[in-house]
1. Looking only at residues that are among the hydroxyl-bearing types (Ser, Thr, Tyr) and in contact with a helix residue (DSSP H, G or I) (Cβ under 8 Å, 6 or more places away or on another chain) in region 99-126, which one is surrounded by the fewest Cβ atoms within 10 Å (Cβ to Cβ)?
2. Test ARG104 against the criterion of being out of contact with any Phe, Trp or Tyr (no Cβ under 6 Å at 6 or more places or on another chain) and either hydroxyl-bearing (Ser, Thr, Tyr) or under 18 Å from ARG7 (Cβ atoms) (or both), and give yes or no.
3. Kindly provide the set of residues from region 1-59 that are crowded, with 16+ Cβ neighbours inside 10 Å and in a loop (DSSP other than H, G, I, E, B), ordered by number.
4. Restricting attention to region 72-94, which residues are open to solvent by less than 60 Å² (accessible area, probe 1.4 Å) and at pLDDT 85 or above?
5. List every residue pair whose Cβ atoms lie under 7 Å apart, where the two residues are 6 or more positions apart in sequence or sit on different chains, the first residue falls within region 1-30 and is over 17 Å from ARG104 (Cα atoms) and modelled with pLDDT of 95 or more, and the second residue, located anywhere, is surrounded by 15 or more Cβ atoms within 10 Å (Cβ to Cβ) and hydrophobic (A, V, I, L, M, F, W, C).
6. Confirm whether ARG87 is more than 15 Å from the chain's Cα centre (by Cα), within 20 Å of VAL14 (Cα to Cα) and among the charged types (D, E, K, R).
Amino acid sequence: MISRRTRARAEFAVALFSAVVIRYSRRKLRDHEGGRGPLPPLSNGSVALGAVWQGVRLWSYDRDIWGFRTSRSRRFLFALFIFGARRALFSRSESFRSSFGFGRVVGTIGYRFWYGVMRPLPGTED
């Protein structure tokens, strides 16, 4: 079994790689379409909302708020809540969905860089 900190570092690496791939693919699609294609622009507000959303999710997971990390049933109920909340948010425009998703990647990078790479994870080590 791997440690929580090793898992956090792997999440950081995957999120960093994902951000690079997303930016590269968006740039290539934009250049290929001549700057005006089916690719919606990223919204700063939606990126920020996605980053905060992911930061809060990771923060609550690391600190085991309400037992999310240690209880499968609570984690399942929380996942259902998250699913419903995301469905409500994603009923918005395509630009919001793509910006929010990219913001979640940015939030993971920021949070996991601070807690996982630079500093140990908060809470008890499992």
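The values are calculated or read from the model by the stated rules, or taken from the named source; none is laboratory data. If you're wondering where the values come from, they're calculated on a predicted model, not measured in any experiment. Neighbour counts are summed over all protein chains in view; Cβ atoms, including those assigned to glycine, are modelled from backbone coordinates with ideal geometry. Heavy atoms of the whole protein, side chains included, go into the accessibility calculation; ligands, DNA and RNA do not. Shrake-Rupley method; radii C 1.70, N 1.55, O 1.52, S 1.80 Å.
1. Residues of region 99-126 that are among the hydroxyl-bearing types (Ser, Thr, Tyr), as a first pass: 99, 108, 111, 115, 124.
Now narrow it down to the ones that are in contact with a helix residue (DSSP H, G or I) (Cβ under 8 Å, 6 or more places away or on another chain): 99, 108, 111, 115.
On the way: SER99: 23, THR108: 25, TYR111: 22, TYR115: 20.
Once the filter is applied, the top-ranked residue is TYR115.
2. On the way: out of contact with any Phe, Trp or Tyr (no Cβ under 6 Å at 6 or more places or on another chain): yes; either hydroxyl-bearing (Ser, Thr, Tyr) or under 18 Å from ARG7 (Cβ atoms) (or both): yes.
Yes; evaluated as a whole, the condition is true for this residue.
3. Within region 1-59, LEU39, LEU42, SER43 meet the criteria.
4. Initially, region 72-94 is screened for residues open to solvent by less than 60 Å² (accessible area, probe 1.4 Å), giving 78-79, 82, 84-85, 89-90.
Hit for region 72-94 is GLY84, nothing else.
5. none
6. Values: more than 15 Å from the chain's Cα centre (by Cα): yes; within 20 Å of VAL14 (Cα to Cα): no; among the charged types (D, E, K, R): yes.
Considered against the rule, which asks whether it is more than 15 Å from the chain's Cα centre (by Cα), within 20 Å of VAL14 (Cα to Cα) and among the charged types (D, E, K, R), ARG87 comes out as no.
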